[in-house]
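Below is one structure, written out as structure tokens; the observations come after it.
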Amino acid sequence: MEGGGGKRRRSEGGGHEAPEEEEEDRISDLPDALRLQILSLLPLKSAIRTGALSSRWRGLWEQRWPEPSSVRVRLPPGAAGAAARVEQFGLIDRRGRRRVDCFSLAFHGGQLAQPDLRRCLDYAAACEVEDLQLRLDGGSGRGSRGGGGGGATRGRGMLTVHFPVGSRLLARLSIRGLNLTAAANAMVATLEVIHLHSVFLTDAALRRVVGACPRLRELDLRYCRRLRRIDFSAVGVPNLRSFTVVDCSRTTEVRVLVAPRLRSFRFSGAFLSSNILSGAGGSLEHLYICSGGPETGLPPTNLPTSVLNLSNLSVLTLCSIALQYISASTAKAVTESKLHSLRELHFLMFGMANSNLADIYSFLKTCSFPQLERFFVQLPTNIRDSFTENFLEVAEEDPPKGGLENLWLAKMTNFKGHRNEMQLVEFLLRKSSLKKLLLIAPTEDHPQGLRKIQSDVLPNLLKTEIMHLERASANTQIIFSEPDGPHIQPLHSEVFVRF
């Protein structure tokens, strides 16, 4: 007798068929209430992934708790903050210790004492928070940038976060304006993202934090002005993919010897005498280096040789100081470049004197860019033409003869039509088959601070002169206004210095 409704398949021995049993999806057939209970036991990332199981699971994770999955405590400044503190802490107590995806606490200096902060951290840990955000605004005015406590010395009464914070599911930690200490030999196996902004912590504390997080993939340090030597060579960061250091003004050394998966490194700050590239450059794809530079001379650094050896690099952003180092180094000795995979090049020029233009030409001649497609130059905003100035005694550099065959987009921001700017425009039009050349005038702050407006500093006579320049391609489109859309913006569109 044949089975009722099963599928039939051919048996191995011949033409006889046997019914094939269908797999039952009993979990998907459960009532929604029970499936939501299952989701409530999973970490957020795993709960979201259940949407791939079937249409019945898709989007169900968003409803997994009857209470809000995020708790956000915001204390306004002034007298209103005291009343808000009582009200919002009361809401936390009434909510109970149910699971929470994100716990966010933002307050101003003097509104919370250390026991209050400890109470919030204990609550977040008890709720097994996955994303913890702590932000102190205003602080005590100790010279921090964008938050309290970012100065070089710890102020009295400064609130402290003790790491680890206790949640066994913590995946993302963001702290701003607070003191951070770290226990030795701690382990936070789930933590993947750390953002520290205007945080007071020592070099040793940072090493302990990083060493406790074997799954760390993103580390962002900004305005942590106590840091001097960022050194992870002893702990290793095997899963680190993105590393950013911005205006940690005392930091002059960054060492990471074990970072096989590092893809992006961004550094903006003081002169970097020893850097990450020597130990973790093999996998690097995106590099941003912007340095204020030393006051005099060119101290030793491994920057020139390190940058030129990054064979997997696809996006490179350099300031004029870094460019100056590489130009000076290659002038002394023949240096082979391995930047053959580069697709986007971005220069941040603090000046555009003769020596700066020579550095650009020298770099383009030293390196071969068979795959370069996009070229961006952010020019200085100074009004006077500085082409006669030479900040270094360097010989005048002739422009490269080629090497930009695949370049299709070039963009010069803060373009004013000065002599050396025009020379660079002429070179790009003659030596590459550009599809688009964008020459964007400087922007000015709106009088009311609401937005930025474009200055009308390019006279029609200058525009006419540019339109009649010799071109390698008659199809090159020259544009004098900023088009809408992100497709003509550099990857490193977030510039950490003001021009």
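The values are calculated or read from the model by the stated rules, or taken from the named source; none is laboratory data. Please read these numbers as outputs of a predicted model, since none were measured by experiment. Cβ: placed from backbone, ideal geometry, glycine included. Neighbour counts: every protein chain shown. Note: accessible area is taken over every heavy atom of the protein model, side chains too, but ligands, DNA and RNA are not part of it. Shrake-Rupley method; radii C 1.70, N 1.55, O 1.52, S 1.80 Å.
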Some residue of segment 240-256 being farther than 21 Å from Leu180 by Cα, among the aliphatic types (A, V, I, L, M) and in contact with a helix residue (DSSP H, G or I) (Cβ under 7 Å, 6 or more places away or on another chain): yes
Considering each of Asp93, Asp25 in turn, give the residue that is of a type outside the set (A, V, I, L, M, F, W, C), assigned to a helix (DSSP H, G or I) and either open to solvent by 70 Å² or more (accessible area, probe 1.4 Å) or modelled with pLDDT under 80 (or both). Asp93
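Can you confirm whether Ala182 is of a type in the set (Gly, Ala, Ser) and either under 20 Å from Glu285 (Cβ atoms) or in contact with a strand residue (DSSP E or B) (Cβ under 7 Å, 6 or more places away or on another chain) (or both)? Step through it out loud before you land on a result.
Working: of a type in the set (Gly, Ala, Ser): yes; either under 20 Å from Glu285 (Cβ atoms) or in contact with a strand residue (DSSP E or B) (Cβ under 7 Å, 6 or more places away or on another chain) (or both): yes.
Considered against the rule, which asks whether it is of a type in the set (Gly, Ala, Ser) and either under 20 Å from Glu285 (Cβ atoms) or in contact with a strand residue (DSSP E or B) (Cβ under 7 Å, 6 or more places away or on another chain) (or both), Ala182 comes out as yes.
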Search result, residues across segment 154-179 that are more than 14 Å from Gln114 (Cβ to Cβ), out of contact with any strand residue (DSSP E or B) (no Cβ under 8 Å at 6 or more places or on another chain) and either modelled with pLDDT under 50 or open to solvent by less than 30 Å² (accessible area, probe 1.4 Å) (or both): Leu169
Listed residues Ala113, Ala124, Ala106, Ala80; which is open to solvent by less than 20 Å² (accessible area, probe 1.4 Å) and farther than 25 Å from Ser40 by Cβ? Ala106
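Yes/no per residue for (1) in a strand (DSSP E or B); (2) open to solvent by 10 Å² or more (accessible area, probe 1.4 Å); (3) at pLDDT below 95; (4) at negative phi:
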{"residue": "Asp220", "(1), (2), (3), (4)": "yes, yes, no, yes"}
{"residue": "Ser233", "(1), (2), (3), (4)": "no, yes, yes, yes"}
{"residue": "Leu240", "(1), (2), (3), (4)": "no, no, yes, yes"}
{"residue": "Leu257", "(1), (2), (3), (4)": "no, yes, yes, yes"}
Here are some conditions: (1) open to solvent by 30 Å² or more (accessible area, probe 1.4 Å); (2) on the phi < 0 side of the Ramachandran plot. Asp247 meets all but one. Which one does it not meet? (2)
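Of everything in segment 293-302, what is open to solvent by less than 60 Å² (accessible area, probe 1.4 Å) and at pLDDT 70 or above? Give them in sequence order.
Thr301, Asn302
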Looking for whichever is part of a helix (DSSP H, G or I), surrounded by fewer than 18 Cβ atoms within 10 Å (Cβ to Cβ) and either modelled with pLDDT under 95 or not basic (Lys, Arg) (or both) here; the options are Leu461, Leu450. Which one fits? Leu461
Selection within segment 472-492 - out of contact with any strand residue (DSSP E or B) (no Cβ under 9 Å at 6 or more places or on another chain) and open to solvent by less than 80 Å² (accessible area, probe 1.4 Å): Ala472, Ser473, Gly485
Could you check how many residues of segment 369-391 are at pLDDT 90 or above, surrounded by 16 or more Cβ atoms within 10 Å (Cβ to Cβ) and of a type outside the set (D, E, K, R)? 7
Between residues in segment 334-358 that are touching a residue at least 40 places away in the same chain (Cβ under 8 Å) and more than 9 Å from Ser320 (Cα to Cα) and residues that are open to solvent by 10 Å² or more (accessible area, probe 1.4 Å) and in a helix (DSSP H, G or I), which pairs lie under 7 Å by C-beta distance while being six or more apart or on different chains? Leu357/Gln423
Exception for Ser355 within (1) under 22 Å from Ile440 (Cα atoms); (2) polar (S, T, N, Q); (3) over 24 Å from the mean Cα position of the chain (by Cα) falls at (1)
